[in-house]
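Written out below as structure tokens is the structure these notes cover.
The values are calculated or read from the model by the stated rules, or taken from the named source; none is laboratory data. Note that the structure is a prediction, hence the values are computed from the model and not measured. For the accessible areas, the whole protein counts, side chains as well, though only heavy atoms, and no ligand, DNA or RNA atoms are used. Shrake-Rupley method; radii C 1.70, N 1.55, O 1.52, S 1.80 Å.
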Amino acid sequence: MSDKAGTSVNGGGENVLDIKDLSISFRTARGTVRALRHVNLKVPRNKVVGIVGESGCGKSTLIWTVLQLLAPNAMVDSGEVLFEGEDLLTKPESELTNIRGQRISTIFQDPMTALNPVISIGTQMTDIQYRLKSSMAEKRKRAADMLASVGIPDPKERLNEYPHQFSGGMRQRICIAMALMMNPPLLIADEPTTALDVTLEAQIIHLMRELQRDFECSMMFVSHNLGLIAELCDEVVVMYAGEVVEQGEVRDLFHNAQHPYTQMLLECDPARIEERMRNLPTISGSVPDMIDLPPGCIFAPRCPKAYDPCLKEPPATYHAQASHGARCFLVRDA
Ligand SMILES: Nc1ncnc2c1ncn2[C@@H]1O[C@H](COP(=O)(O)OP(=O)(O)O)[C@@H](O)[C@H]1O
Ligand code: SF4
Ligand SMILES: [Mg+2]
């Protein structure tokens, strides 16, 4: 794909996104929910970073923080969210509006939330190009070319149709086309294939991988599905109860998991990774209340390997290798 619009400011060096020491809490009637604590996460240029963790671990909070669309009861306790080298947490809303949709695109589980049901696909796809100086005919041609590149037959004719005239899988393809239309440096996908059947899911993942390479964009990919993460991602971030508990390159993480939580997710059986795991395996116990945090390791109540130090203080991130870290005393004491 050579048709690249959009202006890509090459700030930020090798990382498109660099989240540093991010802590977010929500004020509630029950107390303060410390939903993200000291999160460090980088999305390198042209790489796909997968984010995995049980429900309630803070994955969506992380995404909404990057998009600066957090609920009004949210507070930033610490940190920076550097996008192309500039902190999104200090940007005025007018600039953020330009960044969202043009330079950071999103794909969500339900394509209908992204598409306007009463406006034709062609109009929606030309509207996105409002910043380009090209003629309407040129914009429609770009839109049709994008539809073709996501595998929609008769794209020129189908520009005149409305979202309900497409199947679920086709609608998600349209969302991907719209998300890539302005050649954004960063694409965020939150469970983009969860609503699709396995065959469609495989097709969409394959398509996303191809387009990501063609468009040379970076991607943050949130999923419950470890099989998809293994297939699509270059790096993996494992979240547990508001913390990054392990991160590393996909091979290291799947074949040499260091954190007991990751090990339990993988069930210590690498063969299972090859199978399609549609959902995270269930681990007994539940994610702790993030209002009352235990003094030691956040995972200790569920950890089969917990030992003395785990109950006294929280572990820092220790590195098994330079690019592979885990928040667990076992790595320090190995
Ligand atoms: N606006 C909010 N007010 C209070 N708590 C919230 C709010 N949004 C999210 N949370 C809490 O923050 C935690 C993380 O939620 P979330 O980011 O949605 O997790 P995930 O996407 O991993 O399922 C959960 O405990 C959730 O209940
Ligand atoms: S620090 Fe201790 S409790 Fe926490 S994951 Fe490691 S072994 Fe388990
Ligand atoms: Mg979520």
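Some points to look at:
- Accessible surface area normalised per residue over the chain is 44 Å², counting heavy atoms of protein chains with a 1.4 Å rolling probe.
- Backbone amide hydrogens, once placed in the peptide plane, bring V237 within less than 5 Å of G50, I51, V52, excluding anything fewer than 5 places away on its chain.
- Hull-based mean projected area of the range 136-214, where the convex hull spans the alpha carbons, in square nanometres: 5.5
- Anchor K139: lysines whose Cα lies under 28 Å away (excluding residues fewer than 8 positions away in-chain): K4, K156
- Prolate/oblate/rounded call for the chain, Cα gyration tensor, a/c under 1.5 rounded: prolate
- Separation of the range 56-76 and the range 14-34, taken as the distance between their Cα centroids, equals 7 angstrom.
- In terms of its alpha-carbon gyration tensor, the range 172-244 comes out oblate; a/c meets the 1.5 threshold, while b/c is at least as large as a/b.
- Average Cα contact separation per residue, the range 177-334, under 8 Å, 6 or more apart, as relative contact order %: 19
- Computed on the range 21-120, with alpha-carbon pairs under 8 angstrom and 6+ residues apart, the relative contact order is 27 percent.
- Averaging the sequence gap over all C-alpha pairs within less than 8 Å and six or more residues apart, then dividing by the number of residues, gives the chain a relative contact order of 21 percent.
- Among the protein heavy atoms, those of H38 account for about 80 Å² of accessible surface (1.4 Å probe, every chain in place).
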